[in-house]
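Okay, handing you the structure first.
Here, each number is a calculation from the coordinates, and none is a lab measurement. These numbers were taken from a predicted model, which means no experiment stands behind them. Here the Cβ is made from the backbone with ideal geometry for all residues, glycine too, and neighbour counts use every protein chain on show.
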Amino acid sequence: MAEHPNKPALSDSDPSLQLGSIADRAVNGLAALGVVALVTAGVLGLSAHDHGRHFMFAYLVAFAWVLSIGLGALWWVTLQHLVNARWSIVVRRLGELLAANAPILALLALPLVIPTLLGNHELFPWVDHELMHSNHVLHKKAGYLNVGFFTVRMALYFGFWSWWSRHLLARSVSQDKNTATLGLLERVRGASAPGMIAMAFTITFAAIDLLMSLDPLWFSTIYGVYYFAGCVIAVHAVMVLFTLWFQSKGRLTAVTREHFHDLGKMLFAFTVFWAYIAFSQFMLIWYANIPEETGFFMERIHGNWLHVSYFLIVGHFVLPFFGLLSRHVKRHRVGLAFWSVWMLVVHYVDLHWLIMPNYQHEHASFGLLELTCWVGLASLLAAATLRRAKGKNLVPVGDARLSASMAFENV
Amino acid sequence: MSDSSGVSNQEPSLPSGDVPLFGVLAEYSTPQQLLAASRVVRDAGYTRWDTYTPFPVHGIDGAMGIRPTILPWIVLGAGLTGVAAGVALQWATNAFDYRWIVSGKPFWSIPANIPITFELMVLFSALTALVGMLVLNGLPHPSHPLDLKQRFLRVTDDKFFLVIQADDPSFKLEMARELLAGTSPVVVETVDEDRVTSDRLPRPLVLGLMLLVVAAAVPFGLAAKARASTSREPRFHVVPDMDFQPKMKADRANPLFDDQRATRAQVDGTVAAGELHENTAFWTGRVDGVLVTSFPEESPTSEAAVTRGRERFGVYCAPCHGLVGRGDGMVSKRAELLAEGTWTPPSDLQQDYIRTMPVGQLFETITNGVRTMPAYGPQIPAADRWNIVLYVRALQRSRATSSSDLPASQRDSLK
Amino acid sequence: MTLLTAVNPYQGAPKGDNPYARITDNVARIAEAERPPVGWYIAFAISTSLLAMFFANIGYLVWNGIGVWGNNIPVAWAFGIVNFVFWVGIGHAGTLISAILYLLRQGWRTSINRFAEAMTIFAVMCAGVFPGIHIGRPWLPYWMLPIPNQMQMWPQFRSPLEWDIFAVGTYATVSLLFWYMGMMPDLATFRDRSRTPIRKFAYGLFAMGWRGSSRQWHRYEKAYLLLAALATPLVLSVHSVVSFDFATSQLPGWHTTIFPPYFVAGAIFGGFAMVTTLAVPSRQFFGLKRIISLDHIELMNKVILATGMMVGYAYGMEFFVAWYSGNEYEQFTFVNRAFGNYAWAYWTMIFCNVVTPQVFWMKRMRRNLWVTFAVGVLVNIGMWFERFVIIVTSLTRDFLPSSWGNFRPTIVDYMTLAGSFGLFFTLFLLFCRYLPMVAMAEVKLSLPNSHEH
């Protein structure tokens, strides 16, 4: 794309730049909703008298969902810096704000980590010493799957994510005030390459620790990539929805149809990528038919999990594939909004399908507990994002390439 | 004829008497000038006109008012056709016409069919994208009046051209020329229809092509002749295919031994290790030369034996005798389709004379073969042969039961 | 007869500093030169000698049978399949550059995409030879196609080897279409600059009467976009299918779910390395330094670094999960790779694929042509050894120690491998000599003043 130096970038006083008062009510409302929902979930969970088993599983699904948005955003911002992308600058701040939820996600991980630390093995069977030492395969894994090392790893992941996301946001915001700091951006770019490597490893191992180890006997080398595909889908959908919402309030008007088109293309591309990874994993396990691997899919083709599996093929791939194929849909606000919501919902179903068969064999269900956990975590993080956005520009006005980004056109 | 006066010629040549006018040509040196000119021509209401550029100038679609092509829809249709073709091909060949068990996978294995379905989708779409583009663009288009313009040769290099065709309904030479002159062109010229070049292929080329076609038919002719005639000559070995191997076959002569026999007989009075078969009922199906009518002690009847027999039957017998023993196995069906004439169909195991055979005879038949059926003794252990016999009995029984065989309670439920 | 007389529209015309004309000149000059540079002749002589050796060895193989190779039981897949996977992998960068970078709007691709695509096609041709001569009776490869035949049998579509036929066949076809379609406007340029009737006819035949009409460009660009969009998943699918050949089995070291994306990343990695290996000398010999600039070389080196890291990630994951699985056969396989009797091959692979690209963290190294060339060559060696390690070490040591064995290649193996480079380079050199090496129309399009302001 050619530079367009004659087009003015956004000025600091532009009213569309700041959320201002529209954030306040939303923040309060969402935070209240989140707290109420989570408290309800907690009460429901405690009253079940199952050592918190149902609660922890339901909470983990919702947590994996919000985590995927945060990690997707962090990965996405890192990528934009790494490849020096110009088109995305107008939406980069939104990504930075979403990514910066990492410390809050660390706090929200505590309801999962603390019971595990206390020796509750309802969620992670490998917490159970007896099981680990009575099984001839599992006892070999005890060096990795143990409470101490798990906690250390969690601290490392969330520590890195928190530091890296805050670093990216802080650098970007400080540039807003001082446009002459092009060198600042160069340094971020330089750091984004090792940052990307660290992202690859932390996302992979977080997926293994939080999700794959729910069934400590099962393993798949592609698992990290599978979760990663979901993260990228989720973050693009969330960015589309936030942008559309802000625009309905007259904010973030710098984002044009062209940017929506690109976000839609990414959503489409990673929907296909998800299908590719999911198919690769399924086909290889199905074909080789080795009992220690097929267990994973046996769980998911029995009982009404089979219907969920079929739904994922259609809902997570076939429908959005045809839905997002057309250029007109990607450039259409309602069309794109619909598919973003759709992808976020099926992404939740996907995570539910990954996690819940370990809770309940042969019987897929979605109840009040699942709903309250999901609503609770989603609203809390939305509130946190909006609160963080308050007082900051919604667009990185200090970026020298902003005008090029605003004038960007798909060819 | 066409102008040959070089680039500096600003005066367009007038159409000469009998050569009709193709249109008016204007040349520009930058894409921006061309875009501006295109808007002027578009707004003037012309429909039969075009611009020619060395690369796709962006924005020209809008400037010329070109509507989006339907090519993507055609390609989508081709892609869906590819999917259908992929599914149909694999279903018809592996799940319908030639069902064969491979590595325990179902005949109709959808996960295993996805790669090829996907590839055919891409193949069909890609071919359609190229061919569709060519067809919609009217290519190949070997000859064009503009080819006669020397300056037009630079259209594929660095110059930009606009042509208003004479067959436009509102075309008037002077008006068109005036319109174009107002768009700051390098030059405006008229273009004549091509009455110079011939659209016939050169004669040597045509002859060469005809020769090739004739030559290409020769091998097919020879093959057809060979098929329609008989010959006493041995087969023509283009590829030896291991037809001649330096090894001894069972009934051939071997000069190494006095008796010239390749197959060596056992030394009298010896028994190979593990080959002392004293219980002849089990090993041969006969006791004192008489066929046994009940299963030997070593191979008692049981459900496990039937199950084993069924599995072995599926491996060794079903290819010819069919899964229920009606003599309709895949090999037999194929052989009958080929109608070679030498094929002896396998027996229908449900025939009465086979039903009444002593089990010893069934065992012996499996062991030593009969008619064209080879001996399976060397391949199938004796216990498994007995299990197969048992399963054959079960098959026969399954096809000749009456309701009186059922327990009373179940018989009632049928009524 | 103006059409077929030698007309030079450039004679006497002032060219000035028209950037479009300069690009045309720069590229077309190579094919229009009376004779190519001396280096071309030397390279061509070497390549055709290797090619002759290739044909001789294939002839020897066909005459005598597979026994002339070092293949044995348990290593029934040896050089034949290693070379096949290696060449298919090389063939991935071309379409990646043409299609994926096109979709990602990476304008810099225009300088290198044409010859990267050519490279793709020649590499796929080299790849296609190996399964053909590996099947034992190379005169019967059509048995793999669903053709009604006298045996009344159909191919076995549940077999990954059958998927290969379709994947590689489709890939070869679509790459060819993509390459040819991209070349049509440039062939038209060559046609219009031709000074002899034969050239005019030959280029004109393949240019199909392209005259740059905007109405045609409109559909052309749409078709190009569609082909790019189709080629992108195709390029992923091809090496994924190749990886299925291994990963659907139950052999430790072959069966692992990360194989499809891991193979794709490796293919892109190796393919880009081949592009830089070829680009460095080509731009030197043919005076394309301004079109294939140091910036382009640097960007390609960054891609090599990035994909090298992805390959490293896959190596790491394989090792980790082999340990994590608790499966002793998996664990043994990986320990055996690193410390067994083919450890030298494993560490060659690690050194070439993971260690050497690390020099590209330094900008100075990314812009150094000698380093670029050396890393390109080393990565190609490393990628060949990657396939060797996967195929040979896993086969020599499987579940039962009683069926262990070793593999020792024969001289015919080596000569066939070397000969395949002869085929590749002969075709590549002919392409450089006679066809537009750079996508002129696309480079012109990517010039800054080709757009409306």
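How large are Rg and Dmax for the stretch C:320-406 when calculated on the C-alpha trace, in angstrom?
Rg, Dmax (Cα atoms, Å): 16.2, 53.
Do you know the relative contact order of the stretch C:347-453, to the nearest whole percent, from alpha carbon pairs under 8 angstrom that are 6+ apart? Working shown, then result.
Values: 42 pairs, mean separation 19.6, N = 107.
Averaging sequence separation for qualifying contacts and normalising by length gives 18 percent for the stretch C:347-453.
While we're here: Which log10 I(q)/I(0) values does the stretch A:129-247 give at q = 0.10, 0.15, 0.18 Å⁻¹ under the Debye formula, counting every alpha carbon as one identical point scatterer?
-0.48, -0.87, -1.08
Give the span of the protein assembly as shown's Cα atoms along each principal axis, as three whole-Å numbers ordered largest to smallest.
Extents along the principal axes: 118, 92, 70 Å.
Could you state the orientation-averaged shadow area of the convex hull built on the Cα atoms of the stretch C:209-259, in nm² to one decimal? Walk me through the numbers before you get to the answer.
Values: hull surface 19.4 nm².
Taking a quarter of the hull surface, the average projection is 4.8 nm².
Alpha carbons only, please: Rg and Dmax for the stretch A:280-411, in angstrom.
Cα only, the stretch A:280-411: 20.3, 57 Å (Rg, Dmax).
Rounded to the nearest 10 degrees, what's the angle between the helix C:214-247 long axis and the longest principal axis of chain C, both from Cα atoms, 0 to 90?
For helix C:214-247, the angle is close to 10 degrees.
With a point put 7 Å past each Cα toward its Cβ, work out how far A:Gln247 is from B:Ser409 in nm, to one decimal.
Distance between the two pseudo-spin positions: 7.2 nm.
Tell me which trypsin sites (Lys or Arg not before Pro) from the stretch C:82-143 have a DSSP coil assignment and no more than 15 other beta carbons within 10 Å of their own.
Numbers: sites: C:Arg105, C:Arg109, C:Arg114; in loops: C:Arg105.
Those satisfying the criteria are C:Arg105.
For chain A, just the Cα atoms, rotate onto the principal axes and tell me the three extents in Å, largest first.
That works out to 72, 41, 39 Å along the principal axes.
For the stretch B:60-156, what is the convex hull volume of the alpha-carbon atoms per residue, in Å³?
On the way: hull volume 14.4 nm³, N = 97.
Looking at the stretch B:60-156, the number lands at 148 Å³ per residue.
How many angstrom separate the Cα center of the stretch A:372-411 from the Cα center of the stretch C:55-130?
Value for the Cα centre distance between the two parts: 45 Å.
Under Stokes-Einstein, with the Kirkwood radius over Cα pairs standing in for Rh, what whole-number D in µm²/s applies to the stretch B:203-304 at 10 °C and 1.306 mPa s? Before the final figure, lay out the partial values.
Values: Rh = 21.9 Å.
Here the translational diffusion coefficient equals 73 µm²/s.
Whose amide H sits under 5 Å from the amide H of B:Gly23, counting only residues 5 or more places off or on another chain, with H placed in the peptide plane?
Placed amide hydrogens put B:Ala166, B:Val191 under 5 Å from B:Gly23.
Further question on the same structure: Under 10 °C and 1.306 mPa s, how fast does the stretch C:157-216 diffuse according to Stokes-Einstein, given a Kirkwood radius computed over C-alpha pairs? Answer in µm²/s, whole number. Don't skip to the answer; put the middle values down first.
Values: Rh = 13.5 Å.
Diffusion coefficient, whole number: 117 µm²/s.
Taking the Cα atoms of the stretch C:94-135, report the difference between the largest and smallest coordinate on each principal axis, in whole Å and largest first.
42, 16, 6
Related question: Give me a comma-separated list of calculated 3J(HN,Hα) values for the stretch A:73-84, in order, Karplus coefficients 6.51, -1.76, 1.60 applied at θ = phi - 60°, integers in Hz, x for any Gly or Pro.
5, 5, 4, 5, 5, 4, 4, 4, 5, 4, 9, 6
With N set to the residue count of chain B, report its C-alpha Rg divided by 2.2 N^0.38 Å to two decimal places. Working shown, then result.
Details: Rg = 41.1 Å, N = 415, 2.2 N^0.38 = 21.7 Å.
Normalised Rg, Cα atoms only: 1.89.
A follow-up question, please. Can you give the extra length, in nm with one decimal, that the chain gains between B:Glu278 and B:Ala400 once fully stretched, where that is 0.36 nm per residue apart less the Cα-Cα distance?
On the way: separation 122, 0.36 × 122 = 43.92 nm, distance 3.59 nm.
Roughly 40.3 nm would be gained on extension.
With a cut-off of 8 Å between alpha carbons and a minimum separation of six or more residues, what is the relative contact order of chain B in percent?
Averaging sequence separation for qualifying contacts and normalising by length gives 18 percent for chain B.
Going down the table (A:Lys249/A:Lys392; C:Lys222/C:Lys302; A:Lys249/A:Lys390; A:Lys177/A:Lys265), which pairs top 22 Å between alpha carbons? Numbers along the way, then the final one.
Working: A:Lys249/A:Lys392 16 Å; C:Lys222/C:Lys302 30 Å; A:Lys249/A:Lys390 14 Å; A:Lys177/A:Lys265 32 Å.
Flagged as over cut-off: C:Lys222/C:Lys302; A:Lys177/A:Lys265.
Show me C:262-272, B:51-61, B:144-154 ranked by packing, highest mean number of other Cβ atoms within 10 Å first. Intermediate values should be presented prior to the final figure.
Numbers: C:262-272: 28.0, B:51-61: 23.0, B:144-154: 21.5.
The peptides rank, most packed first, as C:262-272, B:51-61, B:144-154.
Hey, another quick one. Amide H of C:Ile258: which non-local residues (sequence gap of 5 or more, or other chain) have their own amide H closer than 5 Å, using H built in the peptide plane?
Excluding prolines and chain starts, which carry no amide H, the hits are A:Thr221, A:Ile222.
Rounded to whole Å and ordered largest first, report the semi-axes of the equivalent ellipsoid of chain C derived from its Cα gyration tensor (root of 5λ). Don't jump to the answer; show the numbers that get you there.
Numbers: eigenvalues 337, 125, 87 Å².
Working through the eigenvalues yields semi-axes of 41, 25, 21 Å.
Also, I was wondering about something else. Kirkwood hydrodynamic radius, computed over distinct alpha-carbon pairs, for the stretch C:141-190: how many Å, to one decimal? Intermediate results must be reported in sequence, preceding the final value.
On the way: mean 1/r = 0.0756 Å⁻¹.
That comes to 13.2 Å for the stretch C:141-190.
Using the C-alpha gyration tensor of the stretch B:75-124, what are the square roots of 5 times its eigenvalues, in whole angstrom, with the largest one first? Could you put the intermediate results ahead of the total?
On the way: eigenvalues 105, 21, 8 Å².
Square roots of five times the eigenvalues give 23, 10, 6 Å.
Tell me, rounded to the nearest percent, the portion of alpha carbon pairs in the stretch B:141-272 spaced more than 26 Å apart. Display every interim value, and only then the final one.
Numbers: 5775 of 8646 pairs.
The share of Cα pairs beyond 26 Å in the stretch B:141-272 comes to 67 percent.
If you don't mind, there's one more thing I want to ask. Expressed in whole Å with the largest first, what are the equivalent ellipsoid semi-axes of the stretch A:191-291 derived from the C-alpha gyration tensor as the square root of 5 times each eigenvalue?
Values: eigenvalues 223, 55, 29 Å².
Result for the stretch A:191-291: semi-axes of 33, 17, 12 Å.
Need one number: convex hull volume per residue for the stretch B:332-415, Cα atoms only, in Å³. It would help to have the intermediate numbers written out before the result.
Working: hull volume 12.4 nm³, N = 84.
It is 148 Å³ per residue.
Also, quick follow-up: Would you mind calculating the relative contact order of chain A from Cα pairs under 8 angstrom and at least 6 residues apart, reporting the percent as a whole number?
Numbers: 537 pairs, mean separation 153.8, N = 411.
Relative contact order for chain A comes out at 37 percent.
Related question: If you take all C-alpha pairs in the stretch C:52-168, what percent of them are over 24 Å apart?
Values: 2871 of 6786 pairs.
The answer is 42 percent, as a whole percent.
On to the next question. Based on the alpha carbons, how large is the Rg to Rh ratio for the stretch A:71-200 when Rh follows Kirkwood? Provide the component values of the computation, followed by the final result.
On the way: Rg = 19.2 Å, Rh = 16.8 Å.
Rounded to two decimals, Rg over Rh is 1.14.
Hey, how much of the P(r) for the stretch C:238-330 falls beyond 15 Å, as a percent of Cα pairs? Spell out each step's value before the answer.
Working: 2842 of 4278 pairs.
Looking at the stretch C:238-330, the distances longer than 15 Å represent 66 percent of pairs.
May I ask you to evaluate 6.51 cos²θ - 1.76 cosθ + 1.60, the Karplus curve with θ = phi - 60°, for each residue of the stretch A:15-25 and list the ³J(HN,Hα) values in order in whole Hz, giving x for glycine and proline?
Per residue, the Karplus-derived 3J(HN,Hα) values read x, 7, 7, 10, 5, x, 5, 5, 6, 3, 4 Hz.
If you add up the charges near C:Leu251, with Lys and Arg at +1 and Asp and Glu at -1, over every other residue whose beta carbon is less than 12 angstrom from its beta carbon, what do you get?
Values: positive: C:Arg397; negative: C:Asp245, C:Glu330, C:Asp398.
Residues close to C:Leu251 contribute a combined charge of -2.
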